[in-house]
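Heads up: the structure comes next, in structure tokens.
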Amino acid sequence: MRAKQRVLVVDDEPKILDLVRSYLEINGYAVICAGNGREGMEIFEKTPVSLILLDLMLPDLCGEEFCEKVRRVSDIPIIMITAKVDEESIIRGLNMGADDYVCKPFSPRQLAARVGAALRRSGAGGKAGVVLSRGDLRVDSEKRIVRRRGEIVPLTRDEYQILSLLMSRQAKIFTREEILDAIEGEGFDRSVDSHIKKLRAKLEDDPRTPKYIITVYGMGYRLGEFP
């Protein structure tokens, strides 16, 4: 049986926490609740979760700041829950890195559907708790966090997807077209080169002589060879 996807719910209203927990658990998710932003951040830093449901109007660490902190280290899906219904607040939340926005009061059934859709888009819906490790690189698919020599490497969504793809089959050479498919890219295959360049700048000691991401001329890219 596949392990349950773990959802972190951060809200200062106990009734909201109880409602969301009960409905998501009925739909097969494991739920962890936090009554404020600081508690939620401590849970996120210590516990693998697949998605975050985040209230914007928190009393200590506000939702906007919480989202920004998460986005510095992870591409995990974030759905904001808030009573702020004006367009400007919604746009600001999405620009901060939220994947979706649900206004209070909300339908628990619709919220569960949005959670499932966000997990499917992120690729986390079918791979709970998978950790890929190659040399000193580790990719945690639940938290969507990459570590190099134990240190977190902040990656964009596309950079994370590319590295996960390369690490999934170490010996395989992936063409630019295959990489574009993995990131659902809508451009020329040469745009992959730009993503690779940025990824190398974050991973390699010397991007000019890469050891993690190797170019196979005329074919594409593969992961470096590690014991």
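FYI, it's all coordinate maths here, none of it is from the lab. Note that the structure is predicted; figures quoted are calculated from it, not measured. Cβ placement follows ideal geometry from the backbone for every residue including glycine, while neighbour counts extend to all protein chains displayed.
See the values below:
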read-out: Per-pair calculated FRET efficiency, R0 = 22 Å: E88 and D12 via Cβ, rounded to 0.05; value: 0.45
read-out: For the range 1-71 and the range 144-183, distance of Cα centres in Å; value: 26
read-out: Modelled FRET efficiency - R0 22 Å, I173 with R208, Cβ distances, 0.05 increments; value: 0.60
read-out: For Y23, Y160, order by how many other beta-carbon atoms lie within 10 Å, fewest first; value: Y23, Y160
read-out: For the chain, share of DSSP beta bridges that run antiparallel, in % to the nearest 5; value: 50
read-out: Charge dipole magnitude, Cβ of K and R +1, D and E -1 - the chain, Cα centre, debye nearest 20; value: 880
read-out: The range 153-223 - Debye-derived log10 I(q)/I(0), Cα point model, q = 0.11, 0.25, 0.29 Å⁻¹; value: -0.22, -1.26, -1.65
read-out: Total formal charge among the other residues, if their Cβ is under 15 angstrom from that of E25, Lys/Arg +1 and Asp/Glu -1; value: +3
read-out: Answer label for semi-axes √(5λ) of the Cα gyration tensor in Å (calculated), chosen among (1) 28, 19, 19; (2) 34, 17, 16; (3) 25, 21, 17; value: (2)
read-out: Charge sum, other residues only, whose C-beta stays under 9 Å from V10's C-beta, Lys/Arg counted +1 and Asp/Glu -1; value: -4
read-out: Length gained when the stretch E25-I152 is fully extended (0.36 nm per residue, less Cα-Cα span); value: 42.7 nm
read-out: Overall form of the range 6-122 per C-alpha gyration tensor (a/c, 1.5; a/b vs b/c); value: rounded
read-out: Proxy reagent accessibility, fewest Cβ within 10 Å first, across R148, R109; value: R109, R148
